[in-house]
Amino acid sequence: MLKKKNLIFVGAPGAGKGTFSAMLLEDHPMAHISTGDLLRDEVKRDTKLGREAAGLMKEGKLVPDEIIAGMVRDRLAQPDCENGFILDGFPRTIRQAELLEEALSSLGKSLDRVVYFKVDDDTILKRLTARLNCKKCGKIYNKLFMPPTVEGVCDVCGDTLYQRPDDSLETAKARLEVFYKQTSPLIDYYRDRGLLFEISELDKDKICAALTAELE
Ligand code: ADP
Ligand code: ZN
C-alpha cells in the first residue's frame, strides 16, 4: 500500500489526471473519484442533476460548487475510500477546496498529497482534441500519442471508442480558460499548506516513476 494515499490530482483538462489515476490503480487498489465521470453518469441516467449539468459541461463551465461537493462527500463516506482515494478533477475552485476540507474533517480523514500535472497549453489542446474514450471500461486513448492497436476499438474490452462532446477545439479552449481563472489558484493554496507535488515531465514512464517515488 502507498504511504501517501489520500490524494488530489490537479491539472488542466487533458493534463493526465485520468491516465495516471488508472496507472496508479493498477498496482494500488484505492478509490478513484472522478467528478467528470460521476457527472457523465448522471447525464447518462438522465437524472435531475444530469439534466442540469449537461448544458454546463457542453460549454466547458463548472457545475455549482455545493452540488459537486455534496456528491464527493457522499462518495468519500463509502468504505472503499479507507484504502485511500484519488480525487480526479475535484476540487476545481477554492470554495470546493474549503468544502472538501470540511467533509474530510467530519469523516476523520485528511489529505496526504496534491499532485499537480503541469503541461503547456499547446500540448493540452493537441491532446484534448485527439482524445478517445471507451464508454464501457473507461480506458483513455489518444489518436496521436497513445493510439489503440486497432483504430476506433478498445484494446481492453473491444468496445467502440468515442470522442467526448466537450473535447471539440472550441470547448477545449473554454475549459482551459476556466482552469486558469477558477482552478489554478488551488496550486498556491495547496503549496502554502505544504501539500503540493508538482510534475512537469511529459514522458509517461518518467511521470510514473516520479509519482511512485513520491507516494510510496
Ligand atoms: P477534464 O478532462 O476537463 O478534466 P472532467 O471529466 O474532469 O474533464 O470534467 C468534465 C466537465 O465536468 C467539466 O468541464 C465541468 O463542466 C464538469 N466538472 C467536473 N468536475 C467538476 C468540479 N469539480 N466542479 C465543477 N464542475 C465539474
Ligand atoms: Zn474498453
Checklist outcome for this item: Mean accessible area per residue over the stretch 162-210 (1.4 angstrom probe, all protein chains present, square angstrom) is 58 Å²
Item to check | 10 Å-binned pair-distance histogram of the chain (Cα, whole percent) | outcome: 8, 34, 40, 17, 1
Next on the checklist: Just to confirm my numbers, what's the Cα centroid distance between the stretch 14-48 and the stretch 67-82 in Å?
Outcome noted: 13 Å
Next on the checklist: With every protein chain kept in place and ligands, DNA and RNA left out, what is the accessible area per residue of the stretch 59-160? Probe 1.4 Å, answer in Å².
Outcome noted: 51 Å²
Next on the checklist: Could you work out the pair-distance distribution P(r) of the stretch 137-216 from its alpha-carbon pairs, with 5 angstrom bin width and percents rounded to whole numbers?
Outcome noted: 3, 11, 13, 14, 19, 20, 13, 6, 2, 0
Checklist entry - For the stretch 27-160: lysine pairs with Cα atoms under 17 Å, gap of 8 or more or different chains, count? => result 7
Next on the checklist: Taking all protein chains in place and a 1.4 Å probe, what share, in percent, of the accessible surface of the chain do carbon and sulfur account for?
Outcome noted: 50 percent
Checklist entry - Label-point separation (nm) for ASP80 and LEU25, each offset 7 Å from Cα along Cα-to-Cβ? => result 0.7 nm
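The values are calculated or read from the model by the stated rules, or taken from the named source; none is laboratory data. Because the structure is a prediction, the values reported are computed rather than measured. Positions of Cβ are backbone-derived with ideal geometry, glycine not excepted, and every protein chain shown enters the neighbour counts. Side chains are part of the model used for accessible areas, which takes the heavy atoms of the whole protein and leaves out ligands, DNA and RNA. Shrake-Rupley method; radii C 1.70, N 1.55, O 1.52, S 1.80 Å.
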